[in-house]
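Only one structure is covered here, and it is reproduced in the block below.
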Amino acid sequence: MDKDFSIDAEGLHQAVELMSRDFSHTEGLALPMALPQLGIGSAAALHSLAPSVLGGAARLGAATSFAHMDPPTPWITWAMTLWNASLNQNLLHPATAPVARQMEERVVAWLAPFFGMNGGHMTPGSTVANLTALWSARECAGVTEVIASEAAHLSIAKAAHLLGLKYRSVPIDAYGSMDAAQLPSDLHKSALVLTAGATSTGAIDPLSLAGRAAWTHVDAAWAGPLRMSKYAVLLAGIESADSVAISAHKWLFQPKESALVLFKDTEKAHAAVSFGGAYLAIPNVGVLGSHGATATALLATLLAWGREGIARRIELCMDLARRLKEFVDADERLELYAQPQTGIVVWRPKDERWFDPMLQQLPAGSTSITSIAGVKWFRNVSANPSADIDLLVDAIQAGLAEGV
Ligand SMILES: *Cc1c(COP(=O)(O)O)cnc(C)c1O
C-alpha cells in the first residue's frame, strides 16, 4: 500500500494547524522553474507551500474585505471539500458516485422551488450555467438570438457566440437595469436574458418581462439567493422564467466551483442537452463530462444552517451595504451611482480629483473599481458577513480629508 494514498492524520492535522498561522513575515517559496526530478515528500511540500498559498492569499473574510462577489466560506464546506478530494467521486457514472448523485439531486430539489423551477443540475459557475440554459433555449424553443441588457455579464455574449446565436444588447436605464421600453417587440425567436443582480451595480432587470420571449433566462448568479431571505420579493417574476442561473460560490458562501442551472421543465431541457455514450450507463447531461461532488458542500451548509441561516447571513450583508449607502448619501462630497438594490454599493467622490487620493486611503481588498459609461466608480460588494463597515467609513473619511 502506497502510504500517500491513505489517511495521514498527523499530516492533515498540520494542514489545519497551518491555516491559523501568521505568515506575514515569512517569505513564500521560490518555485523551481522546471518540474523537479525528485519529489520533496508530502509533509515538506505542505510546509514549503504554506507561506505562499496561505500567507499570500487574499483574505475574503477579513474585516476590510468588501470588494468582490467572492465570499468567505464556512468550515463545514472545508470538511466536505476534503472528503470530496479524498473520495474523488465522478457524477458522470452512477457506479463511481452512488451517493453523491443523490446529494446533488436533493440539493437541487431543495433550491429549485424558491425560483419556481422544477429541477436542474450543478455547474462549476454561472458562466457554464448560462451557456447550458441558452443551449437548452436553442434546442427547445428554436431561438436564433440572445437579447440581454448592456449590463449583462460577459458570459451571455460568450454563450451566444459559442452557440452560433445572434447577440443583441438593450440599453440600461439610470439605475443600471434593462430599459424595457427599448426591448424589440418581436421576441418569438429570442432568448431574453434578464439579470438579477448586475455584476457592476447589482441592478435587477424588470423580471416582469419574464415569459415575453420564446425563452426567458434569468441570470441570478449574484442575487438569486435573496429568494431565500426576507428580500425575496425583489426577484418577483423570476418564477415565470424558463431557466435560472445561480452561483453558489457567491451568495451561498460555497467554495468554488459551485453553481446551479435550474429549469422550469427540467425533463425537456435536460433531454435537449444530453448525450449518450457506449461506456455511460446513463446519458451525460449538460456541458461537463467528469463532474465532482461539489453538491455535498452546499448540502452540508444548507443542512447546518437551514433556510433561516442562509437568510440571516444574506440579510446581514444587505444591512452592511445599507450602512455604507447611508454614509455615502449623507456626505455631500460623495455620490451614489444609484440606490443599491442587492448589496452592491457604487459610489464616488463628486470631485473627480479626489478619486485617486481616496483610493490610496482605502484598505487593500476593501473596494473595487468599475467603469460605467466611461466613468470610474468605486464598488463595494457585500459578500462578507464579517465585514466591519466602520473601518471602511473611517478610511473614506480619511480620503476625504486628504482630498480637501
Ligand atoms: C459572476 C456572474 C456571472 C458568472 O458567474 P461565474 O460563477 O463567475 O461563472 C454571470 N452573471 C452574473 C450577473 C455574475 O455576477
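The values are calculated or read from the model by the stated rules, or taken from the named source; none is laboratory data. Keep in mind that this is a model prediction, so the values were computed, not measured. FYI the Cβ positions are ideal-geometry reconstructions off the backbone, even for glycines, and counts take in every protein chain you see. Note: accessible area is taken over every heavy atom of the protein model, side chains too, but ligands, DNA and RNA are not part of it. Shrake-Rupley method; radii C 1.70, N 1.55, O 1.52, S 1.80 Å.
Observations, loosely collected:
- Close amide H pairs (under 5 Å, H built 1.01 Å from N) link Gly120 with Phe263, residues at least 5 positions away or on another chain.
- With a 1.4 Å probe rolled over the protein heavy atoms of all chains, the accessible area of Val285, Val99 falls in the order Val99, Val285, largest first.
- Förster-model FRET efficiency, 51 Å R0, Glu17 and Thr370, C-beta, rounded to 0.05: 0.85
- Note on Ser52 and Ala34: their simple-model spin labels are 1.8 nm apart, each label 7 Å out from Cα toward Cβ.
- Karplus-derived 3J(HN,Hα), 6.51/-1.76/1.60, for each residue of segment 132-149, Hz, glycine and proline x: 5, 4, 6, 5, 4, 4, 5, 6, 8, 10, x, 6, 10, 9, 10, 10, 8, 6
- Highest-fluctuation residue, Ala259, Ala383, Ala79 considered, GNM on the chain with Cα pairs under 10 Å: Ala79
- Cα-projected label distance for Ser24 with Ala9, points at 7 Å along beta-carbon direction, nm: 3.5
- Accessible surface of Arg168, taken over heavy atoms with a 1.4 Å probe and every protein chain present, rounds to 90 Å².
- Rounded if a/c under 1.5, otherwise prolate or oblate - segment 162-292, Cα gyration tensor axes: oblate
- In this structure the chain gives 48 Å² per residue of accessible area when probed at 1.4 Å with all protein chains present.
- Between the residues Trp347, Ala300, Leu324, the greatest Cα displacement towards the positive end of the dipole of segment 280-350, with unit charges on the Cβ of Lys, Arg, Asp and Glu, is found for Ala300.
- Residues whose amide H lies under 5 Å from that of Ser366, counting only those 5 or more places away or on a different chain, are Phe66; hydrogens are built 1.01 Å from N in the peptide plane.
- Intensity falloff of the chain expressed as log10 I(q)/I(0), Debye formula with alpha-carbon point scatterers, at q = 0.06, 0.13, 0.15 Å⁻¹: -0.27, -1.17, -1.37
- Derived scalar couplings between HN and Hα for segment 110-125 equal 5, 8, 3, x, 4, 10, x, 9, 10, x, x, 8, 8, 9, x, x Hz in order, rounded to whole Hz, by the Karplus curve 6.51 cos²θ - 1.76 cosθ + 1.60 (θ = phi - 60°), x for Gly and Pro.
- Counted charge near Lys250, where neighbours are those whose Cβ lies closer than 13 Å (Asp, Glu -1; Lys, Arg +1): -1
- Counting only protein chain heavy atoms and rolling a 1.4 Å probe, the accessible areas of Ser258, Ser24 rank, largest first, as Ser24, Ser258.
- Heavy-atom SASA rank of Cys317, Cys140 (probe 1.4 Å, accessible area, largest first): Cys140, Cys317
- Counted charge near Trp377, where neighbours are those whose Cβ lies closer than 13 Å (Asp, Glu -1; Lys, Arg +1): +2
- Each Lys and Arg Cβ is given +1 and each Asp and Glu Cβ -1; about its Cα centre, the chain then shows a dipole of about 720 debye.
- Distance in nm between pseudo-label sites at Glu352 and Glu257 (7 Å out along the Cβ direction from Cα): 3.9
- With the whole protein complex present, Phe23 retains an accessible surface near 20 Å², based on a 1.4 Å probe.
- The Cα center of segment 225-260 and the Cα center of segment 194-224 differ in position by 11 Å.
- Cβ-derived FRET efficiency at R0 45 Å, Leu162 paired with Asp331, nearest 0.05: 0.50
- Accessible area of His47 in the full protein assembly, 1.4 Å probe (Å², nearest 10): 80
- For the options Gly39, Gly224, Gly176, a Gaussian network treatment of the chain with springs between C-alpha atoms closer than 10 Å singles out Gly39 as fluctuating the most.
- Listed residues Ala67, Ala34, Ala151, most fluctuating in the chain (Gaussian network, C-alpha, under 10 Å): Ala34
- Helix-only mean residue ellipticity at 222 nm for the chain, each DSSP H run of n ≥ 4 adding -39500 (n - 2.57), per residue, nearest 500: -11000 deg cm²/dmol
- Residue list for segment 50-87, given a label point 7 angstrom along the Cα-to-Cβ vector of Leu303 and an amide N cut-off under 17 Å: 74-87
- Net charge, Pro184 excluded, C-beta distance under 10 Å - Lys, Arg +1, Asp, Glu -1: -1
- Segment Ala44-Ala79, length gained on full extension (0.36 nm per residue, minus Cα span): 10.4 nm
- In sequence order, segment 2-17 has phi-based couplings of 6, 4, 5, 9, 10, 5, 10, 4, 5, x, 5, 4, 4, 4, 6, 4 Hz under the Karplus curve 6.51 cos²θ - 1.76 cosθ + 1.60, θ = phi - 60°, and Gly or Pro positions carry x.
- Taking amide H as placed 1.01 Å from N in the peptide plane, the amide H of Gly211 sits under 5 Å from that of Thr216, each at least 5 places away or on another chain.
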